[in-house]
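As structure tokens, the structure follows; a few thoughts come after it.
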Amino acid sequence: MDEIDVYRLEDLPVEILFEIFKYFKPEELYSSMAHLNIRMNMILKKQPNLKISIYCLKPALSFFDSFTSLTIHFDRMNELHLYQFQYLNLINLRSLNINILHLQWWTLVSEDELNAFINPDRCPSLKYLGLSGCTTKLTEFIFTGAFPYLKKCIIKNCQEFFSTSSKVSAKTLHYLHMHSENGNDFHRMLPMCPKLKHLHFYCDKLPSSILRNVRYRFLKCLEIGQPDNFLFHDGQFDIFLSYFPNLISFNLTVAHSRNHDEIVDFAQVADCLRRRIPRLKKLKLNIYLRRNYPFQLFYGQLPLIAQMHELFRSVNKCQSLIYIRSFDFNPSYIDCWHYIRPASEPKS
């Protein structure tokens, strides 16, 4: 093979330049390499894996032809508007994150702006989508499979789920993290995601347990937080667990009801977990105890609770919060009662 004399960086083959440029941010490439000559401009513009995170408008945005990963941050200080990025070519975009640092996200980015900026025509290759706020139209795109390659989606504020009788579904979606204002979205959304493996669902209300014969056998990892006024022994906990017979990881954060005389019977909770989710390997229970419990209920009782299920390996009690873990045994607070069951100690 003939040797190539290389005296300058731009004399290197394009493939090697691509490998070198992977270690630089688009802003760094633009400020140091752009406009050196026509060849270098063409190479820079055709970078196959450009990733950029934006807090303000930058000249690099208009220089590059396309990006594979784009993150845009909005807050009240930077005075950005989504329509200012409408000119971007998103045809090759694989990852998109719209981070709006405000609870009332619609005051910074309008629903019309979101719908115009994010749609299957502009972003046909999306595999990851992260949104601080989500419109009804976008939920329809997400859960009807309009983004044909979408595998992971994070929606931190879903105001209103779309209504449809359509049988189309999001067949590629494997991971979903969703904050909703309506617990009923849970049962409306899951049948539309037949390949979903990981679900993180956050809502003030526990999803309905009226449905008795529903089974979501495809789901492997489930995280629920933070239903209010939760009861363990009125049947809803048992029915809810019955929906997920094949779970291997379960994370539940609840606020126990303050308007009920129920005292949590951890032996019954353990029995319910054992019956309903026999394949469970990882467990986290975080229970906020809203009413005053007798002191003796927990003082000296942590070792007994740890015996009730093979996954009750670690039990912490800190003020009104009790943690039960099968892993991650470091206590979150210093001033708490803490017990870890020895590995050699038998369990029920």
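Of the residues making up the stretch 225-282, those that are among the β-branched types (Val, Ile, Thr) and either in a helix (DSSP H, G or I) or closer than 20 Å to TYR202 by Cα (or both) are ILE239, ILE248, THR253, VAL254, VAL269.
Inspection of the stretch 91-101 identifies no residue that is farther than 22 Å from LYS197 by Cβ, of a type in the set (S, T, N, Q), in the same structural domain as PRO191 (by TED's automatic domain parsing) and crowded, with 19+ Cβ neighbours inside 10 Å. When LEU219 is tested against the conditions (1) out of contact with any Cys (no Cβ under 8 Å at 6 or more places or on another chain); (2) crowded, with 19+ Cβ neighbours inside 10 Å; (3) over 26 Å from LYS195 (Cβ atoms), the lone failure is (3). The number of residues in the stretch 48-76 being modelled with pLDDT under 80 and either part of a helix (DSSP H, G or I) or more than 27 Å from the chain's Cα centre (by Cα) (or both) comes to 7.
One residue is enough: does the stretch 103-124 have a residue meeting the conditions of a type outside the set (Phe, Trp, Tyr), in contact with a strand residue (DSSP E or B) (Cβ under 7 Å, 6 or more places away or on another chain) and part of a strand (DSSP E or B)? No: zero hits. So for the stretch 223-238 (the condition being over 24 Å from CYS158 (Cα atoms) and surrounded by 20 or more Cβ atoms within 10 Å (Cβ to Cβ)), does at least one residue qualify? Yes, the stretch 223-238 contains at least one residue that is over 24 Å from CYS158 (Cα atoms) and surrounded by 20 or more Cβ atoms within 10 Å (Cβ to Cβ). Of everything in the stretch 283-297 that is at pLDDT 65 or above and outside any loop (DSSP other than H, G, I, E, B), the residue that is surrounded by the fewest Cβ atoms within 10 Å (Cβ to Cβ) is TYR288.
Restricting attention to the stretch 133-189 and to residues that are without any contact (Cβ under 8 Å) to a residue 12 or more places away in the chain and within 21 Å of SER208 (Cα to Cα), the residue that is surrounded by the fewest Cβ atoms within 10 Å (Cβ to Cβ) turns out to be SER165. Which residues, counting only those in the stretch 6-23, are under 15 Å from PHE67 (Cα atoms) and surrounded by 14 or more Cβ atoms within 10 Å (Cβ to Cβ)? Those that are under 15 Å from PHE67 (Cα atoms) and surrounded by 14 or more Cβ atoms within 10 Å (Cβ to Cβ): PHE18, PHE21. When SER209 is tested against the conditions (1) outside any loop (DSSP other than H, G, I, E, B); (2) over 21 Å from ILE324 (Cβ atoms); (3) of a type in the set (Ser, Thr, Tyr), the lone failure is (1).
The values are calculated or read from the model by the stated rules, or taken from the named source; none is laboratory data. Fair warning: this is a prediction, and the values are worked out from it, not measured in the lab. Every residue, glycine among them, receives a Cβ derived from its backbone with ideal geometry; neighbour counts consider all protein chains shown.
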